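What follows is a set of notes on a single structure, which appears directly below.
The values are calculated or read from the model by the stated rules, or taken from the named source; none is laboratory data. What you see is a predicted model; the values in this text were computed from it and never measured. As a convention, Cβ positions derive from the backbone with ideal geometry for all residues, glycine included, and neighbour counts pool all protein chains shown. Just the protein is used for accessible areas: all its heavy atoms, side chains included, with ligands, DNA and RNA removed. Shrake-Rupley method; radii C 1.70, N 1.55, O 1.52, S 1.80 Å.
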Amino acid sequence: MEPLRIDPERLWHSLMEMARIGATPAGGCNRLTLTDADKAARDLFVAWAREAGCAVSVDAAGNIFARRAGSADDSEPVLTGSHLDTQPTGGKFDGAYGVLAGLEVVRTLNDHGVATPRPLEVAMWTNEEGSRFQPSCLGSRAFVGDTPLADVLAAADTRGIMLGDELERIGYDGDQPCRPRPVHAYLEAHIEQGPILEREGKPIGAVTGVQGKQALSVRVDGMNAHAGTTPMEVRRDPLVAAARMVTEIDRLARAARPDALGTVGMFAVEPGSINVINQNVAFSVDLRCPDDATLLALAESVRAAITAVASEQGLAVHVEDISVNGAVAFDERIVSTVERAAESLGYACRRIISGAGHDARSLAAICPAGMIFIPCDGGLSHNEAENISPEQAAAGADVLLQSLLSLTAQT
Ligand code: GLV
Ligand code: MN
Ligand code: MN
C-alpha cells in the first residue's frame, strides 16, 4: 500500500498565508516575539488548529498546544511543532515551517480518518529566536524546567519591557501551568539554515543533535568627552576597545577549531553622537562548537581577551553569561525513526548535526527528541531571502507524517 502523504498545496498555501503577517518589502518576515505581528500569527494558528478539530491550550509562558485526541487518549502525547516568532529581518520558513507542517499532519490524518493511539500535539513555543528577549528558546526552557517561569516572565527587551507584560498585553498569558509533563516523544521539522543538504542533493536530514552554544553580554565603560578638544592621549574611548575585542573574538573562534564559530550580533554605543567620545559600549557574543571542550576553552579565551584589552586601555568591563549550553545528542530511536520514514517514502536522507539552536534541544531534557531538516536555498536563513520550494516543504512534512504515525502508535 502507498504510504500516506500530506497535501502539498494546502501546506504551501498555509506557509504563504502565515508569511503575510509581518511581511517585509524584501520578501521576508518581521514577527519579533510578542509584538502585534506575533499575536496575529498566533491567532491564525489557533484558528486553523480549532478548525482542524484540535483542543487548544496556552500555558503561563505563552506556549500554545493544539491537541488532536488519540484513541488511547490518556496515554502520553507525542509533540511536534516549532515557533512563529522571527528575527527582525527573518524569512518565511524558520519556525513557521515546523508549526505548519505539524498542522498539515493533523489535517491529513483528519482527511483520511486516521485515529492514532497516542494523542498528537502541535506546539508553538514562545520566544524561540532570542532576538527580543535573551536567551533564545525561553518558552521551551520554561516548559522543561530548565529556566524558572518567573525568570522567563521577567526577561526584559532593550526598552525594559518585560516578557510577562507583553504576554498579558497580547492575551497569551495562558491559564495552563508551564512545567514539565509526561511527553512520549518530540519531533520538530525545520529548514536546515545551512548549506549541507542542498550541496549534497539530499531532501531530508535526520538530525543527530545540536551543537553547544555560549552567549555573553559585554559592557565596556569609558569616559564621555568632546571629540574636538580631548587630546588622543587622555581619551578613554570604549568603542576603540570594543572594536579590538570584536576582532579578537573573530580571530579566537577561527583559531579554536575549523568548526568553531564566534559572532558579535548586537552592538550599541552610548550616547552615539558624531562629535562625542562614547561613555559606554555594549555588545553580545555568540560562540558555538559541536565539541564541548573546545567551546569551553574558546569562551575562556574570549573572556581573557576582553579583560586584557580593557585593562590595556584602562577601562572597566563587565561580562555576563546570557546562556551556557553544551552540545545535545538526540535520541537514537528518534533519529532512526526519521531515517526509516524517509526511506519508506523514497527520499534520500543523511544524518546531520544542527548548527542552530532549536526548541527540540530543550525538549531533549524531558523526552526522546529529534528533528527533521529540509534544505533551504543557498543555506541562507536569518535573512529575508530565506527560501524553500513547495516540493522541499512537502518532502519534510511527509517524513514528519510517517514518523509521527510510528511514534503515536508506540506503546
Ligand atoms: C536560534 O536560532 C539560535 O540558533 O540561536
Ligand atoms: Mn527556528
Ligand atoms: Mn531562527
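Quick notes on this structure:
- Ratio of Rg to Rh over segment 110-236 (Cα coordinates, Kirkwood Rh, two decimals): 1.15
- Probe 1.4 Å, all protein chains present, accessible-area order of E9, E129, largest first: E9, E129
- Across segment 103-181, C-alpha contacts under 8 Å between residues 6 or more apart give a mean separation that, scaled by the residue count, equals a relative contact order of 19 percent.
- Evaluated at q = 0.08, 0.10 Å⁻¹: base-10 log I(q)/I(0), Debye formula over Cα of the chain: -0.45, -0.68
- Within-12-Å neighbourhood charge of T337 [Cβ basis; K, R +1; D, E -1]: -2
- The dipole here belongs to segment 45-161: it is taken about the Cα centre, uses +1 on the Cβ of Lys and Arg and -1 on the Cβ of Asp and Glu, and is about 200 debye.
- According to the Kirkwood relation over distinct C-alpha pairs, the hydrodynamic radius of segment 364-411 is 12.8 Å.
- When each of the peptides 297-304, 255-262, 180-187 is scored by how many other beta carbons lie within 10 Å of its residues on average, the order from highest to lowest is 180-187, 297-304, 255-262.
- Solvent-accessible area per residue for the chain (1.4 angstrom probe, square angstrom): 41 Å²
- Mean residue ellipticity (222 nm) of the chain, computed from DSSP H runs ≥ 4 via -39,500 (n - 2.57), nearest 500: -11500 deg cm²/dmol
- Cα-based equivalent ellipsoid, segment 1-41: semi-axes from gyration tensor eigenvalues, Å: 29, 12, 7
- Solvent-accessible area, 1.4 Å probe, carbon plus sulfur percent, for segment 33-88: 52 percent
- For segment 1-131, the Kirkwood estimate of the hydrodynamic radius, built from every pair of different alpha carbons, is 15.0 Å.
- Relative contact order [Cα under 8 Å, 6+ residues apart], segment 232-340, whole percent: 26 percent
- Relative to the longest principal axis of the Cα atoms of the chain, helix 238-256 runs at roughly 50 degrees.
- Length gained on full extension, I161 to D175, computed as 0.36 nm times the residue gap minus the Cα-Cα distance: 2.9 nm.
- For segment 57-186: span of alpha carbons on each principal axis (Å, largest first): 49, 31, 23
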